[in-house]
Amino acid sequence: MTSTKRIFVVLIAIASVFRAQDGFKTAVSEINVAFSEREFGQLEDRLGFRVFLGVGAAYSGYYGATQTIKLLSDFTVDLKRYSFKKSISSKEKNLGYISGEIFYLKNGRHLKYNVFISLKKNNGIWQITQITIN
């Protein structure tokens, strides 16, 4: 085997190891950070080809990754004293979910949205398939 082929085989093996390490806890942690910091661009690799996004009466439908990130950013940009708290995460085989709450201030009142995020393991990677905020 030539050295080029050996390098290629090693690179494939390394990629397989990293893909196998893409666990549910890692996905939950990344999603928690993205929602906590309102940095939804961090989710780009976690968003599936089509994500169902339901945000109250504002948005409801299937969107691509870029659209989903933009809509989440637009929705949260005007929320004052924004914070996100993950409450539950669970998985069974290749399906998982995260639930939490977005807390914010509006007209001097503390309010909250409930957040539900569905995930599916696809080719060894946990991807977001649905985000519902109400």
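Couple of notes before you dig in:
- Just one residue in the set Lys112, Lys91 is surrounded by fewer than 17 Cβ atoms within 10 Å (Cβ to Cβ) and basic (Lys, Arg); that residue is Lys112.
- Within this structure, Tyr82 fails the test of being touching a strand residue (DSSP E or B) at 6+ places or on another chain (Cβ under 7 Å) and either of a type in the set (Lys, Arg) or crowded, with 17+ Cβ neighbours inside 10 Å (or both).
- Test for Gly56: is it closer than 30 Å to Leu105 by Cα and either among the polar types (S, T, N, Q) or at pLDDT below 95 (or both): yes
- Among (1) under 16 Å from Thr132 (Cβ atoms); (2) surrounded by fewer than 17 Cβ atoms within 10 Å (Cβ to Cβ); (3) of a type in the set (S, T, N, Q), the one test that Gln42 misses: (1)
- Enumeration of residues in the stretch 50-68 that are in contact with a helix residue (DSSP H, G or I) (Cβ under 8 Å, 6 or more places away or on another chain), of a type outside the set (Ser, Thr, Tyr) and more than 17 Å from Asn134 (Cα to Cα): Ala65
- Inside the stretch 47-92, residues that are over 16 Å from the mean Cα position of the chain (by Cα) and closer than 16 Å to Lys120 by Cβ make up a count of 1.
- Within the stretch 108-120, the residues that satisfy the criterion of being more than 16 Å from Ala34 (Cβ to Cβ) and without any contact (Cβ under 8 Å) to a residue 60 or more places away in the chain are Gly108, Arg109, His110, Leu111, Lys112, Asn114.
Conditions tested, residue by residue: (1) surrounded by 15 or more Cβ atoms within 10 Å (Cβ to Cβ); (2) touching a residue at least 40 places away in the same chain (Cβ under 8 Å); (3) over 20 Å from Arg46 (Cβ atoms).
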position	(1), (2), (3)
Gly64	no, no, no
Gly96	yes, yes, no
Lys106	no, no, yes
Gly124	no, yes, no
Thr132	yes, yes, no
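The values are calculated or read from the model by the stated rules, or taken from the named source; none is laboratory data. Note that the structure is a prediction, hence the values are computed from the model and not measured. Every residue, glycine as well, gets a Cβ built from its backbone with ideal geometry; the counts of neighbours run over all protein chains shown.
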